[in-house]
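The values are calculated or read from the model by the stated rules, or taken from the named source; none is laboratory data. In this text the structure is predicted, and so the values were computed from the model without any measurement. When we count neighbours, we look across all protein chains shown, and the Cβ atoms used for this are built from the backbone with ideal geometry, even at glycine.
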Amino acid sequence: MRILGISGSNRKNGNSYLLLKEMLQDGPSIEKKIIQVAELNIKPCELCFKSCSVKPFECVIEDDFNVLFAEMKSADGMIFVCPFYFYVPSKFQAFLERLSCIDYFTQEKHGDGHNPLVGKPCLLITVSASGSSFNAFQILHHLQEFALMLRMRPVTSNSWPFIGFSAKSGDIEKGAILRETEVIEQAKELLKLLLKKMEKREKDYECI
Ligand SMILES: Cc1cc2nc3c(=O)[nH]c(=O)nc-3n(C[C@H](O)[C@H](O)[C@H](O)COP(=O)(O)O)c2cc1C
């Protein structure tokens, strides 16, 4: 099994990345990778219409979009960590709009059955200095909508806000989140739920 952590921050090695690193470093003994959107060149969607998804799920803009999408396709489970930057950071939002556009045009041009992300479990996490509910709702709703539209399966928990996790970094500087030991422990607990879903999905496939 392979797990992919995606930091949606525009800031390299920021709190979103550090949270992922803490979650994954001593965690499960499975293949794991973290990708930082901050290190990729991802342009906004240009709504190419005719050239969009001529082949299913293919974007014609040449940049690092496919680097991240290829990693998502080969992962069995994903963790999306997105900081609150007066809503979603712009480069990560560009990635989300590109992916939603190729999904839309693939359906229009080729019909159902081409989506490589269907049923993949994912954990949705937002990071903000305050960890407030206002920030959590905005980002988690957005990530949830995106994940469901792409037919992925967000992991839910028994504690608020149920649809994911609102991580408080405590301050704006890089590394602040490392002081929030309880936040890191809570995130690690949620990782266990994600792993369970990944294992279950693998077993379900064995039975088919
Ligand atoms: C443009 C911008 C707006 C922000 N607004 C808020 C905010 O309203 N509330 C809050 O708690 N944190 C806010 N933050 C702080 C970030 O959410 C926080 O520093 C987070 O740890 C950044 O994660 P990163 O290091 O992974 O980029 C804002 C940051 C930026 C850049």
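So which residues in the stretch 15-45 are assigned to a loop (DSSP other than H, G, I, E, B), at pLDDT 95 or above and surrounded by fewer than 18 Cβ atoms within 10 Å (Cβ to Cβ)?
Those that are assigned to a loop (DSSP other than H, G, I, E, B), at pLDDT 95 or above and surrounded by fewer than 18 Cβ atoms within 10 Å (Cβ to Cβ): 40, 41, 43, 44.
If I filter the stretch 74-85 for residues that are in contact (Cβ under 8 Å) with a residue 12 or more places away in the chain, small (Gly, Ala, Ser), more than 16 Å from the ligand (Cβ to nearest atom) and loosely packed, with under 15 Cβ neighbours inside 10 Å, do I get at least one hit?
Checking the stretch 74-85: at least one residue is in contact (Cβ under 8 Å) with a residue 12 or more places away in the chain, small (Gly, Ala, Ser), more than 16 Å from the ligand (Cβ to nearest atom) and loosely packed, with under 15 Cβ neighbours inside 10 Å.
Got at least one residue in the stretch 166-180 being on the phi > 0 side of the Ramachandran plot and surrounded by 13 or more Cβ atoms within 10 Å (Cβ to Cβ)?
Within the stretch 166-180 (the criterion being on the phi > 0 side of the Ramachandran plot and surrounded by 13 or more Cβ atoms within 10 Å (Cβ to Cβ)), the answer is yes, since at least one residue qualifies.
Identify all residues within the stretch 1-32 that are touching a helix residue (DSSP H, G or I) at 6+ places or on another chain (Cβ under 8 Å), of a type in the set (Lys, Arg) and within 12 Å of the ligand (Cβ to nearest atom); write none if there are none.
Across the stretch 1-32, the qualifying residues are 11, 12.
Suppose we keep only residues that are at pLDDT 95 or above and of a type in the set (Phe, Trp, Tyr) within the stretch 46-83. Which one would you say is farthest from residue 192 (Cα to Cα)?
The qualifying residue farthest from residue 192 (Cα to Cα) is 57.
(1) exposed (fewer than 14 other Cβ atoms within 10 Å of the Cβ); (2) within 24 Å of residue 198 (Cα to Cα); (3) modelled with pLDDT of 95 or more: which one isn't true of residue 112, the others all being true?
(3)
Please go through the stretch 89-138 and give me each residue that is under 16 Å from residue 169 (Cβ atoms) and in contact with a Gly (Cβ under 9 Å, 6 or more places away or on another chain), ordered by number.
Result: 89, 125, 126, 127, 129, 130, 131, 136.
Among the residues of the stretch 120-140, write down those that are at pLDDT 95 or above and either on the phi > 0 side of the Ramachandran plot or more than 8 Å from the ligand (Cβ to nearest atom) (or both).
Correct list: 120, 121, 122, 123, 124, 125, 126, 139, 140.
Look through the stretch 127-160, keep the residues that are over 17 Å from residue 87 (Cβ atoms) and free of Cβ contacts under 8 Å to residues at least 40 places away in the same chain, and return whichever of them is surrounded by the most Cβ atoms within 10 Å (Cβ to Cβ).
So, considering only residues that are over 17 Å from residue 87 (Cβ atoms) and free of Cβ contacts under 8 Å to residues at least 40 places away in the same chain, the one surrounded by the most Cβ atoms within 10 Å (Cβ to Cβ) is 154.
When you check residue 37 against the structure, is it β-branched (Val, Ile, Thr), in contact with a strand residue (DSSP E or B) (Cβ under 6 Å, 6 or more places away or on another chain) and within 15 Å of the ligand (Cβ to nearest atom), yes or no?
In short, no.
Mind checking which residues of the stretch 96-126 are in contact with a strand residue (DSSP E or B) (Cβ under 9 Å, 6 or more places away or on another chain) and not in a loop (DSSP other than H, G, I, E, B)?
121, 122, 123, 124, 125, 126
How many of the residues making up the stretch 150-185 are more than 13 Å from the ligand (Cβ to nearest atom), part of a loop (DSSP other than H, G, I, E, B) and out of contact with any Cys (no Cβ under 6 Å at 6 or more places or on another chain)?
Residues in the stretch 150-185 being more than 13 Å from the ligand (Cβ to nearest atom), part of a loop (DSSP other than H, G, I, E, B) and out of contact with any Cys (no Cβ under 6 Å at 6 or more places or on another chain): 12 in total.
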